[in-house]
Amino acid sequence: MDELMKIQSPRKKGNRKQELTCSVLFTNPKFNGKDDPSGSDNELGAVTRLVSKAEELELHRVFKSMSTEGFEVIRPLNRSLFDFGHNFEDVRGWLKMAQPPKDQLSSILRYIIESHQKTTVQIDINKMYFNCHLIVLQVFSDFFMRLEDIPLLLTLPEDRVTQKAFMLIYKWMLSDDPYLERPHIVEIFVAATYLRIDDLLTHCWKYFDDSNCFQEDTACILYVETLYHPALDVVRNIMLTRIHKFLLTFVASSDFLNIPISHLVYLLSSSGICVNTEVEVLFIAIRWMSYDWKERSEYALRILPCIRFRLMPLWYLLYVRRDETNPYVTELIDIDEYDSEINESIASITSRMYEEKIAGLSDTTGNIFMRTGVEQRHWICDKTCNYFHYVGCPNTREICYEKFEEYLSDIQKSCNDHWDRVEMLDPKKMDKCCNLKRTPKV
């Protein structure tokens, strides 16, 4: 429709008021295709013209008799008053006469369309029939605009265009100030993609691009909604980038267990995710793989670069191989590449601690905030997490996978905005570890 308007726009330039016309197909009653199969200019069978005056409908003006030399044949004894030069338009005071009021065409058309009178096509979606005006659909949808054959009944696939989505899209087409309902935004986007409604897709992206609309929990919910819609791959990837403090809540849900490996790798590789300790990143990977260990354990080496062992407490790296009893954890760290990474991390941390001691530094605890060569995460201090303490805190206790599962269970029982209340860790106050933690009210 935009292309058609662009084609017509140059013609309107320079005209203060464009004269209205009718497109008329004239047929010549004297034309005989059998006698003149060549369709010569002096005997046309049919011609289409734009006319604005009633007298232009006279056939003898359209199909003029031509001589063999190409000149118009004039019959002087059979001429009308108009041919004599009398102009029927010259009526005194005609143009000054007050014209009776008339309803605007746009208003009438809008009334007919909005009241669904004289509909021209039925849209069938799983045996539910929508009575529509085809021209409305064609104005916005390239799918309908490019239909070669215009049927009276058109069936759309429900897996692409749901009944609710089509109803809301048709309402969007009819509205001058449309808005989209959040509960159906995914259905609408999928349908608009199939129907090729560019303006509606732009409208959807207006919401998707707004981090105020989709951030943390809302971004995660939209991600889950789009998980099985290939048309929303880009949207889904964007939503992943907005999950930070909400990560552990997402991990505690069953929805997390169904994400593809590529999305898991992205999440665990991100420095923007919020965790209490890097050990949780290892446990998150274990939780995902243990859901279908036989199939997913083959991704262990792909996940390995996502886990930053050098950000883990030294005591945990020493503990995990000696005392960890969870079979999934022990099987994973027994892989040669994991074992090698743990050894290198232990060597790196102890070497730095030794250098700090030689240099006479008071803090030789292996502070994770001082470690170089590896990018930091966004650290949090969740009062629900019973196993977390700063490195060097006298209340440090062992971290094991079973404790992590208990923590996830506690998150499930917490209020919906628990993730938002979690405190971000302040490196300058790490010596006040237990003072920051609050004892939950009984």
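Read-outs throughout are calculated quantities, based only on the coordinates presented, and are distinct from any laboratory measurement. The shown structure was predicted, so the numbers you read here are calculated from the model rather than taken from an experiment. When we count neighbours, we look across all protein chains shown, and the Cβ atoms used for this are built from the backbone with ideal geometry, even at glycine.
List of remarks:
- Applying a DSSP loop filter and a limit of 12 other Cβ atoms within 10 Å to the GluC sites (Glu not before Pro) in the range 142-205 leaves E148, E181.
- Ordered by the number of other Cβ atoms lying within 10 Å of each residue's own Cβ, fewest first, M97, M289 fall into the sequence M97, M289.
- If R0 equals 30 Å, the separation of the Cβ atoms of D210 and T155 corresponds to a calculated FRET efficiency of about 0.25.
- Integer Hz, Karplus 6.51/-1.76/1.60 couplings in order for the range 156-172, x for Gly and Pro: 10, x, 5, 6, 9, 10, 6, 4, 5, 4, 5, 4, 5, 5, 5, 5, 4
- Cross-link check: pairs K102/K171; K245/K294; K53/K102; K206/K413; K127/K171; K118/K206 evaluated at a Cα-Cα cut-off of 24 Å; pairs beyond the cut-off: K102/K171; K245/K294; K206/K413; K118/K206.
- Note on S254 and D177: the model spin-label points, each 7 Å out from Cα along the C-beta direction, lie 4.3 nm apart.
- Sorted peptide list for 228-235, 248-255, criterion being average Cβ within 10 angstrom, highest first: 248-255, 228-235
- R0 of 51 Å, Cβ-Cβ distance I261-E58: FRET efficiency to nearest 0.05: 0.10
- Taken along the Cα-to-beta-carbon direction at a fixed 7 Å, the label points for I335 and T119 span 5.7 nm.
- Per-residue ³J(HN,Hα) for the range 266-271, Karplus 6.51 cos²θ - 1.76 cosθ + 1.60, θ = phi - 60°, Hz, x for Gly and Pro: 4, 4, 6, 7, 6, 7
- Relative contact order computed over the range 161-282 (Cα-Cα under 8 Å; 6+ residues apart), in percent: 18 percent
- Given R0 = 25 Å, the distance between the Cβ atoms of D410 and L301 translates into a calculated FRET efficiency of 0.20.
- Proxy reagent accessibility, fewest Cβ within 10 Å first, across I284, I112: I112, I284
- Label-to-label distance for Q376 and N131 is 6.7 nm, based on points extended 7 Å past Cα in the beta-carbon direction.
- Across the range 187-197, computed HN-Hα scalar couplings (Karplus, 6.51 cos²θ - 1.76 cosθ + 1.60, θ = phi - 60°) run 4, 5, 5, 4, 5, 5, 5, 5, 7, 6, 9 Hz from first to last residue, x flagging Gly and Pro.
- Multiplying the residue separation of Y319 and S271 by 0.36 nm and subtracting their alpha-carbon distance yields 14.7 nm.
- Neighbour counts of other Cβ atoms within 10 Å put W293, W172, W288 in the fewest-to-most order W293, W172, W288.
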